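A.B. asks: First, the structure itself, so that you have it in front of you.
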Amino acid sequence: MTAPPARPPARIVDAHVHLWDPARTDWYPYLRSSAQLGMGDVSGMARRFDVPTYLGESARWNVEKLVNVAAATGRHSIAETLDMDRRADADGHPDAIIGGLPPADSVADAIAMLDEQMDAGRFRGVRPMGPVSTPVPDDDVLRALAERGLVFELMAHPDQLVEAARRLGAIEDLVVVVEHAGWPRSSEPDEHARWRDGMSALADAGGHVHCKLSGLAMPLGAISAEAFRPWLEHAIDAFGVDRCFFASNFPVDGVHGTFDQLFEAYAQVTAGLGDDARDRLFATNAERLYRI
C-alpha cells in the first residue's frame, strides 16, 4: 500500500541544483549521449535545465532559494561560476554558487582559481572537478579556502570517507559539506556498512563538517521513502539536524523520477520530526552555510 502524502515542509532552500544547457558541448560533453554516461536512459537529466524549468518542476513546493553546483568539466567550471553569477541578476536565481576546483599544477595555481571565482558575488565555495588522486586537496588549499570564508564540498565514496575525515577534521575553521550523503556506489550491504563507518567518522570529525542529503536516487536506483530511509536516518542521527540539509540534485536525480516524487520521499522520511527540525533540514541550515 502506498503511504499517504506527508505534510510538505513550510519552505525549501534547495542546496544542490545543476542549471545547464547540453548545447554547451565544451562545458558539458558528457551530456551529448547516454553512451558516454553508461547509465541507460538519461533523458530526465541530459536536457536544458534553466531557472524557469526548475521553477516549473518545483511549483508544488515553496522553494525560496537555490544553490547551483559546478558541473562544467575541468577549468570550464571557473567560467561557469562567473557566467552563472552574471545571469542570476536577470534570472533571480541561483542565490549561491558552488564553483569548481579543477586539478591544478600547483598550490598557487589552485589558489589562483579560487581567487578568479571570488569575482562572482554569489560564489560560496568549491567542489573538485576532474580526475584527482585524492578527494581532499592539499592542506594549503584547504587553509586558503578557510581564509576566504569559502566552503569545501567533499565528493568522496564510502571507502574514502574515513581518510577524508582524518584530513578535514584537522582544519576546524573550514566549513566542510559532505556531498550526496557520502556518495554510496550501490545499496549492497557491504557498501552500506562502509558508508556507515565513514559517515560516522565524518560526523565525529567536528562541528564544522556538515552533510548534504542528496544524490541517493542514482546509487539506489529509486526515488522513494522506503529506499532512502536507512541512509537518511543514519546521516541525520550521526550529524544531527543542525548539520544536515536536503537538496534535489536535479536534473540528475530526474533519471529516476520527478521533483515531486523526490521531495515527497524526503517529506515522508522526516514526517515524525517537529516543524522546527524540518525547517532546519529543508531551509535554515543551507541558508546559514551558504549565506543566502
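A.B. asks: Please list 3J(HN,Hα) in residue order for segment 233-245, calculated via the Karplus relation 6.51 cos²θ - 1.76 cosθ + 1.60 where θ = phi - 60°; whole Hz, with x for glycine and proline.
C.D. replies: Each residue of segment 233-245 in turn: 5, 5, 4, 5, 4, 6, 8, x, 5, 7, 10, 10, 7 Hz.
A.B. asks: What is the gain in length, in nm to one decimal, between Arg11 and Ser43 on full extension, counting 0.36 nm per residue of separation less the C-alpha to C-alpha distance?
C.D. replies: Residue separation times 0.36 nm, minus the Cα-Cα distance, leaves 8.7 nm.
A.B. asks: Students often get this wrong, so try it: which of (1) 57, 41, 37; (2) 69, 40, 33; (3) 49, 38, 35 is Cα extents along the principal axes in Å as calculated from the structure shown?
C.D. replies: From the options (1) 57, 41, 37; (2) 69, 40, 33; (3) 49, 38, 35, the structure gives (1).
A.B. asks: Between Arg75 and Arg148, what is the spin-label point distance in nm, taking each point 7 Å from the Cα along the Cα→C-beta axis?
C.D. replies: Each label point lies 7 Å from its Cα, and together they span 1.6 nm.
A.B. asks: Only four residue types carry charge here, +1 at the Cβ of Lys and Arg and -1 at the Cβ of Asp and Glu. Report the dipole size of segment 229-270 about the Cα centre in Debye, rounded to the nearest 20.
C.D. replies: About 80 debye.
A.B. asks: Based on the alpha-carbon gyration tensor of segment 32-123, what equivalent-ellipsoid semi-axes (square roots of 5 times the eigenvalues) come out, in whole Å, largest first?
C.D. replies: 26, 21, 9
A.B. asks: Report the one residue of Met45, Val136, Ala247 whose Cα lies farthest in the direction of the positive end of the charge dipole of segment 12-290 (charges on C-beta: Lys and Arg +1, Asp and Glu -1; origin at the Cα centre).
C.D. replies: About the Cα centre, the residue reaching furthest to the positive side is Met45.
A.B. asks: How large is the charge dipole for segment 1-152, taken about the Cα centre, if only the Cβ atoms of Lys, Arg (+1) and Asp, Glu (-1) carry charge, to the nearest 20 debye?
C.D. replies: The dipole of segment 1-152 has a size of about 680 debye.
A.B. asks: What share of the DSSP beta bridges in segment 12-290 is antiparallel, in percent to the nearest 5?
C.D. replies: Looking only at bridges with both residues in segment 12-290, the antiparallel portion is about 5 percent.
A.B. asks: Work out, step by step, the length gained on full extension between Asp119 and Glu64: first 0.36 nm times the residue separation, then minus their alpha carbon distance; give nm to one decimal.
C.D. replies: Fully extending the segment from Asp119 to Glu64 adds 17.4 nm.
A.B. asks: Obtain the nm distance between the two label points defined at Glu163 and Asp26 by a simple spin-label model: each point lies 7 Å from its Cα along the Cα-to-C-beta direction.
C.D. replies: Spacing of the two 7 Å Cα→Cβ label points: 3.5 nm.
A.B. asks: Here is a follow-up. Which of Thr258, Thr81, Thr134 ends up with the largest GNM mean-square fluctuation for the chain, with Cα atoms connected below 10 Å?
C.D. replies: For the chain, modelled as a Gaussian network with Cα springs under 10 Å, the answer is Thr134.
A.B. asks: Further question on the same structure: Hey, if you put +1 on the Cβ of every Lys and Arg and -1 on every Asp and Glu Cβ in the chain, which of Phe259, Trp27, Gly221 ends up farthest toward the positive end of that dipole?
C.D. replies: Among Phe259, Trp27, Gly221, the one farthest towards the positive end of the dipole of the chain is Phe259.
A.B. asks: Determine the dipole magnitude for the chain: charges of +1 sit on the beta-carbon of Lys and Arg, -1 on that of Asp and Glu, nothing else is charged, the reference point is the Cα centre, and the result goes in debye to the nearest 20.
C.D. replies: 440 debye
A.B. asks: Suppose a student asked you for the relative contact order of segment 98-218, using Cα pairs under 8 Å spaced at least 6 residues apart; what percent would you report?
C.D. replies: Computed value for segment 98-218: 22 percent relative contact order.
A.B. asks: Which of Pro184, Pro219, Pro137 ends up with the largest GNM mean-square fluctuation for the chain, with Cα atoms connected below 10 Å?
C.D. replies: Ranking Pro184, Pro219, Pro137 by mean-square fluctuation puts Pro219 first.
A.B. asks: Another question, then. Got the relative contact order for the chain handy, in percent, Cα pairs under 8 Å and 6 or more residues apart?
C.D. replies: In percent, rounded to a whole number, it is 21.
Read-outs: derived from the displayed coordinates by stated rules, not from any lab. Keep in mind that this is a model prediction, so the values were computed, not measured. Cβ sites come from the backbone with ideal geometry, for glycine too, and all protein chains shown count toward neighbours.
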